[in-house]
Structures are given as structure tokens and as C-alpha cells.
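Structure record follows, encoded as C-alpha cells.
The values are calculated or read from the model by the stated rules, or taken from the named source; none is laboratory data. Being a predicted model, the structure only gives us computed values, none of them experimental. As a convention, Cβ positions derive from the backbone with ideal geometry for all residues, glycine included, and neighbour counts pool all protein chains shown.
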Amino acid sequence: MPVVPGIGNREPGFASAAALRSSDFRRCSSRSRCPESRFAMPQSRPSRGFTLLEILVVVVILGVLAAALVLSTAGSGRRQLEREGEQVRALIAYACEQAELSGREIGVSVAIDGYQFSRLEQDAWLPLREGELRPRHWVGGTAATLSRDGARAEVAAAYPEKPQLMCFSSGELTPFRLDLALGEVPGRVRIEGDPTGAVSLAAAVDANAR
């Protein structure tokens, strides 16, 4: 009788291997665990959301970081404003020293964008372009308010033809008060000059002070 290919000529171990796989599948289908069987079904874990306490902790941390950033920014702006005020004070004092040493008046002009020093040359005030007394620009966002002899002086976009302040060759100085404010930084710095030629800086002046 002819042998049908694939039926009568199977390997002896073929049926045994199939039977073993079938037996493994039945055992793993029961409630018992089969960690080493490839038929083991993965166990799903229930999803877990954030608790209210975890959310509150995150909110508190974000709040602390935001407050630290605000304080750091305000402190940096404050230091920048104080450095600007100290530079203005030192330069005006230096201009007055140079006026006394050279025997020639030096003017100080204040504008919205900055300030400059000038010297009288044949009835005309000519700005000094080089050296320490070269024109200076305010730090971005700086607002300047100037008072002279107790009266408010105009601070315009362009420099005036005649300086608002004068360092005299005698060592005297036009009495003035220059207040500087920087953006949202609280308070302001104040530079004051008296007739004797002394120039001082008052830091942390209240914004409402006059």
C-alpha cells in the first residue's frame, strides 16, 4: 500500500513534541503560574494617577522657584542701578576736579538717553569726545529726573545748548539732585551736588521721596 507523504512517515518524536506543547498550554491556562512558559499571559497593572498631596507638593515647589527667580531678578536690577549711580557720581566729581585743576569750567548735560560733559570754547560748549569724560548712555530702561537749585530741570531727548550743571574753575558746583530709576526695580538712587563741589550718592531712595 503506498505511503502518503506527511502522514505515514512522521518522525517518532513529532507527536511527542506536539503533545508536550499541548500539555504546557493546558497547564498555563489554569490558575497556576507558569513563569518559564512562553504561553504565560502578561498580567496588567491598574493605572495609578497623581494624588492630591503630590500635586500640592509640585505646586509649592514651582511657587518657591518662581519667587526665587523674581527676587534674583530684582536684586540684579537693584545692583545695576546702584552701579550706574555710583559711576555718574564719580564722573561728575572727576569733572569738577578737572575744572579746578585746568582753570576752565566743565559743563554737565543730562538727556533721556544719557549724559555728557562739555567745555566752553569761544562762546560755544563743545562736548568732550574722549577719555573718562566722553559721552555716556544710560543703562537700558533708566529714567532720569533732574532738579537744579531746588527747581525741576527739563530732561529732553536732545542735549541742551547750554549744560544744565556747571563745574566751575573755582571748585564750586551748581547745586543739583539727579534721581535714577530702572524699569520695575523698586526705589531709585539719588546723586546730589552741593555748591562746595561735593558730590554724593544716596542709594535705596524711596520712589515717593522729593
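See the values below:
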item: Any hit, the stretch 170-189, residues being touching a residue at least 60 places away in the same chain (Cβ under 8 Å), closer than 18 Å to Gly85 by Cβ and of a type in the set (Asp, Glu); result: yes
item: Candidates Leu81, Leu133 - the one that is buried (at least 20 other Cβ atoms within 10 Å of the Cβ) and in a loop (DSSP other than H, G, I, E, B); result: Leu133
item: Residue under evaluation Ala158, criteria (1) in a helix (DSSP H, G or I); (2) at pLDDT 95 or above; (3) loosely packed, with under 12 Cβ neighbours inside 10 Å, criterion not met; result: (1)
item: Residues of the stretch 90-124 satisfying the condition of being in a strand (DSSP E or B), hydrophobic (A, V, I, L, M, F, W, C) and at pLDDT 95 or above; result: Ile106, Val108, Val110, Phe117
